[in-house]
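Coordinate-derived values only; no laboratory data. Because the structure is predicted, anything quoted here is derived from the model rather than measured. Cβ: placed from backbone, ideal geometry, glycine included. Neighbour counts: every protein chain shown.
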Amino acid sequence: MSYRILITAFVFLLLTVYGDAKKKRANLTKAPNCQQICPTGQECQVQPDNTERCVCVSQCKKRHKPVCGKDGILYVNHCELHRSACLTGKKIGIDWEKSCLKKKAKIKDCQKEKLSATKRLILETFEKEIHREVTTKILIDELFFRYDKDNDHSISGDELKSLVTDYIMYSNIKELLKICHTTQWLNSADKDVDGFLSEYEFSWSFGSAPEVTIVNNDEKPMSGSDLTLRCQVRGYPVPVITWRKDDVKMNSNNRVLTKEDGELFLKGLAQIDNGVYSCEASNDFGTDREQVKISVREPITEAPAIPGSRMFYVFAKDGVHVIDPKTVSTVTRISADDVINGTSSPICTRARERSCNWGGAVSVNEQYIYAADFPGRRILVLDIAAQRFVQEVPTDDFPYKLKYFRSLDTVWILSWGNSSLDVLTEDEDDIGTLSVINEAGKVTVHSSIKAQMIDGIPRPAHDFFEAENCELINEESKYAYVTHVMDPGIHEVDLVTKQYSKFYNLSDYQCYGTIGLVVSQPFKYAFVQCYTNEERDAKGQIVMDLDERQIKAINSINFGTPFVSPDGRFVITLNFNVVSTLYIDPAGQIYLFNEIESRLLLSHVAFRARDAGYDVYVTSKDQSAIIVLHVDPRGIKILKFISTADKPSAVRDWIRTESPIVTGCEADACYLATPATREDAVVILNGEKREMQGRVEGIKEARTIVWVGHDQRQNDKEGLVLVDNRSKL
């Protein structure tokens, strides 16, 4: 009797636990507080007005159960099929005949290069799946043993088809497999023609000729310094790497070190090290070679510094503070009550309970600083040597952003029509205008003229961008670009004719308004931030090739405020607390690195060249800290956090708070400056040591900072050229 009672109790307990678990699983399938039952491929979503609505499933579970759709596409599982039907608005049935797996490829279209690309992509994807770094040989061996399902030490046609089917879900592989069939793979690698691939044949089928890329951050190093050249090589079997100088093979000695991984180290450079260095990689499938010319520079005896140079000029609430970064001290202060030379006009226009209300400012040939007096509708000219303002240039609207183009000696001005805006955010519309000051570096009476429209129709401007030219000493773009939150594209501005010259319409790519961009000058790529729906509550990034007028990529993940490195290889995008990074390799291919998340609300970025990449300094809007990152072709990583204050900031309007960070273009410019979170101080950083140099106290509401260095580029003026970076018609 007791035995029967015990069994009954056990069964009751089992049913109770199982029922509760089942109930919990059922609850997981419903969105919180959402009771509506939705069709397959859709899920219930609570709207802002608390109504319920069925929408397409945002993301399916990662379940690998391939299914053919009647649209001829192979889906990774049933959920993806129904989700696709919802997104496209088409009814997609299940094809039980599995016709999508039986499609024969056109053999004539499957070229050797495309078949090799297919196998390489499969191998790269497999490497990501196993979550560890291994050699190519180990990777191929693991792939072989995974799909040798019957353990007969060979891969059959069916096993090879199973391998391909598992990776057809990836769009880049899927496109190649439309023209390359497993039959071509099997036939090309089956050396003994037995219908199977042995372990040796399978491994050999992944063989590829080497591809060489030399990574070098300085082609004109200084005499006495050390230099590292890195040779990045792809290919299988692993290629043998040889370094040559002027076609003569290099061997290791007390000054030269060559490593098996392709790195070449030169110690104590001298003029004898000038020459053409080439990295050659060879394996059984071929040879590839790339070269770089190295010109060793002798130390330059610098002319005496111009008075007022090598300083940070901080435009603050009470005037202008000139800071020496070495001593971390204010050497000159121009008060808000000072007047423009030869006039009775004060340098600041009082408004918004502030004595000074600065917009942007730019250095002109290290001789002048042009600064925007926002409420005063004027541009002020500061003579650096005299340390005083010498001229005012009236503007029609309220000047905010300034850009100087050295090759044309012009200062371009972005002005707003609304004086009540303090910081124009992407959520606020404004009818901005563009104007220009000619002969900015000459001693003359200046005036501003507005940029002209080709068709006479006014074009509103929300923001103004040009290709960064800090490192491109002998190049400067002939074109700049205008964005606006209500325009589905970007306007091109000819800096020579001072006209709006073209409109790049991106409406075909779901762009409903542009909110920012950066241009990679060497590759002529524009990274455009767009609103991706009519409500303007979703954003994305469109990458456009300006030369070919083609879209390179559309990224719904990588959006925010973009910044481009001086050499155009890296694009850093700040999205609230997330740092996203794109890398452009020498062939123009774009790679997305892993995201970095922080607890800071991120503001601005500054780049400082180091090794084969850059140290990246990221400021915060809401905390007194700076993140120091390092990026190079291998990826991006966090180096350290620098605390910049002893007390928390009182600022709370984070949307309109900005923390710019500034450094110089010169090779020896090692200091950076930022107002951080506006704690009545300016922080000076030592980029060489990656640490804080000190704080300059008593500077209220620093709005704009300008670095005035020694102009290394003055001697290059005759050789400066304008680069036409517009698209080909």
Two pseudo-spin positions, 7 Å from Cα along C-beta at Lys137 and at Asp611, lie apart in nanometres by 2.8 nm
For region 186-321 (alpha-carbon point model, no solvent) the Debye-based log₁₀ I(q)/I(0) at q = 0.09, 0.11, 0.13, 0.15 Å⁻¹ works out to -0.48, -0.60, -0.70, -0.80
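Counting other Cβ atoms within 10 Å, which trypsin sites (Lys or Arg not before Pro) in region 116-218 have at most 11 and lie in a DSSP loop?
Values: sites: Lys119, Arg120, Lys128, Arg132, Lys137, Arg146, Lys149, Lys161, Lys174, Lys178, Lys191; in loops: Arg132, Lys149, Lys178, Lys191.
Taking region 116-218 and a limit of 11 other Cβ atoms within 10 Å, the loop trypsin sites (Lys or Arg not before Pro) found are Arg132.
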The answer for Gln623, listing residues at least 5 apart or on another chain whose modeled amide H is closer than 5 Å to its amide H, is Leu601
Result: in region 248-349 the number of Lys pairs with C-alpha under 27 Å apart, spaced 8 or more or on different chains, is 7
For Arg244, placing the label point 7 angstrom along Cα-to-beta-carbon and taking region 269-290, residues whose amide nitrogen sits under 13 Å are 276-282, 287-290
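For a footprinting-style exposure proxy, rank Trp204, Trp412 by other Cβ within 10 Å, fewest first. Don't jump to the answer; show the numbers that get you there.
Values: Trp204 17, Trp412 24.
Ranked by crowding around the Cβ, least crowded first: Trp204, Trp412.
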Computed from the beta carbon distance with a Förster radius of 22 Å, FRET efficiency for Ser223 and Phe265 to the nearest 0.05 stands at 0.85
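Which order do the peptides 512-525, 333-346 take when ranked by the mean count of other beta-carbon atoms within 10 Å per residue, highest first? Intermediate results must be reported in sequence, preceding the final value.
Numbers: 512-525: 22.3, 333-346: 13.7.
In decreasing order of mean packing, 512-525, 333-346 become 512-525, 333-346.
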Residue-ordered couplings for region 393-404, obtained by feeding phi - 60° into the Karplus form 6.51 cos²θ - 1.76 cosθ + 1.60 and rounding to whole Hz (Gly and Pro as x), are 10, x, 10, 5, 10, 9, x, 10, 10, 10, 9, 10
At the level of C-alpha centres, the distance separating region 154-198 and region 669-709, in angstrom, is 59 Å
Residues whose built amide H sits under 5 Å from the amide H of Ser501, excluding neighbours closer than 5 in sequence, are Glu492, Val493, Asp494
Between the modelled labels at Phe641 and Met692 (7 Å from Cα along Cα→Cβ) the distance in nm is 1.3 nm
Exposure proxy check on Glu466, Glu666: fewest-to-most Cβ neighbours within 10 Å is Glu666, Glu466
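Going by average Cβ neighbours within 10 Å, how do the peptides 255-268, 621-634 rank, with the highest at the top?
Working: 255-268: 15.3, 621-634: 19.8.
Answer by packing, highest mean first, reads 621-634, 255-268.
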Contour minus Cα-Cα span, Asp324 to Arg146, at 0.36 nm per residue, comes to 57.7 nm
Simple SL model, points at 7 angstrom along Cα→Cβ for Glu124 and Asn50; separation in nm is 5.1 nm
When Tyr167, Tyr368 are arranged by how many other beta-carbons sit within 10 Å of their Cβ, fewest first, they go Tyr167, Tyr368
The set of residues whose placed amide H lies less than 5 Å from the amide H of Ser225, leaving out same-chain residues fewer than 5 positions away, is Leu269
If the label point sits 7 Å along Cα→Cβ of Ser335, residues of region 366-386 with amide N under 17 Å come out as none
